[in-house]
Amino acid sequence: MGFLFVLAVGLVAGTLSGIVGTGSSIMLMPVLAYEYGPKEAVPIMAVAAVMANLSRILAWWREVDWRACAAYSMTGIPAAALGARTLLILPSQAVDITIGLFLMAMVPVRHWLARHEIKANRWHLALGGAVIGFLTGIVVSTGPLSVPLFLFYGLSKGAFLATEAASSLGLYLSKSVTFQRFGALTPDILLKGLIAGGSLMAGAFVAKRFVLHMKPDVFRVVMDGIMLAAGLSMLWNAIRS
């Protein structure tokens, strides 16, 4: 039953992520942490995130802004590897607490960013890639930070979804390779990640038809609710362990 629940949540999370550009990791991570523990859940989610981002790229391939992707990725990829290596030396309870507090803190941070009409260029993308890449290596998702960054750059709708996904893909690949190099990505964990990622990919293609119809206010409410619920769930896991 736990395995089927992971697949069901993955399908819903993949659909939501395909609509708003983020959220799949935030929704799925507490379920994975409950089923497999935080130390296994993080590399499983890294593999699943690679597949989720790949599906969004395939769905919107023609609209990727490759220059923006390159600016973000050239600093984000090595930073994500450094963050993943840092994660591996942290105790499991600290991982739960860190991820939970981070997700909950992103609610006021996202509102603060939304109130300031900041315009981003490629230099900002490169700087953001370094910071967000390192955080991506440590926590499960930094979508609440990367999403406004690419929106401030001027991307929207399909171009935003495709470019954010292409840029995140490199970070999660770097994170997965680091886990594999240091023995945290075993064949069993890889298989679990591929299965969870398959449900996320299916959801992303289901979502494409809804992208143009979701109102911004609905997006903000949904994201706040998801981040608060996921953060509280991770803290609850830490208390129980």
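The values are calculated or read from the model by the stated rules, or taken from the named source; none is laboratory data. This is a predicted model, so every value here is computed, not measured. Positions of Cβ are generated from backbone atoms using ideal geometry, with glycine treated the same way; all protein chains shown enter the neighbour counts. Areas reflect the complete protein model, heavy atoms only, side chains present, ligands, DNA and RNA absent. Shrake-Rupley method; radii C 1.70, N 1.55, O 1.52, S 1.80 Å.
Some points to look at:
- Single unsatisfied condition, Leu82 versus (1) surrounded by 21 or more Cβ atoms within 10 Å (Cβ to Cβ); (2) modelled with pLDDT of 85 or more: (1)
- When Met51, Met74, Met29, Met45 are checked against the criterion of being modelled with pLDDT of 80 or more and open to solvent by less than 10 Å² (accessible area, probe 1.4 Å), a single residue qualifies: Met45.
- Pair list, Cβ under 7 Å, 6 or more apart: the stretch 153-166 residue of a type in the set (Lys, Arg), other residue modelled with pLDDT under 80 and open to solvent by 10 Å² or more (accessible area, probe 1.4 Å): Lys157/Val211; Lys157/Leu212
Conditions (1) within 23 Å of Ala8 (Cα to Cα); (2) assigned to a helix (DSSP H, G or I); (3) at pLDDT 80 or above, marked per residue:
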{"residue": "Glu164", "(1), (2), (3)": "no, yes, yes"}
{"residue": "Ser176", "(1), (2), (3)": "no, yes, yes"}
{"residue": "Phe179", "(1), (2), (3)": "no, yes, yes"}
{"residue": "Asp188", "(1), (2), (3)": "yes, yes, yes"}
{"residue": "Leu191", "(1), (2), (3)": "yes, yes, yes"}
{"residue": "Val206", "(1), (2), (3)": "yes, yes, no"}
{"residue": "Phe210", "(1), (2), (3)": "yes, yes, no"}
{"residue": "Val218", "(1), (2), (3)": "yes, yes, no"}
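- Within the stretch 125-150, residues that are at pLDDT 85 or above have Cβ atoms under 7 Å from residues that are open to solvent by 10 Å² or more (accessible area, probe 1.4 Å) and among the aromatic types (Phe, Trp, Tyr) in these pairs: Leu125/Tyr153, counting only partners at least 6 apart in sequence or on another chain.
- With respect to the conditions (1) modelled with pLDDT of 80 or more; (2) open to solvent by less than 10 Å² (accessible area, probe 1.4 Å), Tyr153 falls short on a single one, namely (2).
- Trp61 being farther than 25 Å from Ala202 by Cβ, surrounded by fewer than 19 Cβ atoms within 10 Å (Cβ to Cβ) and aromatic (Phe, Trp, Tyr): no
- Within the stretch 167-186, tally of residues that are surrounded by 21 or more Cβ atoms within 10 Å (Cβ to Cβ) and of a type in the set (Val, Ile, Thr): 1
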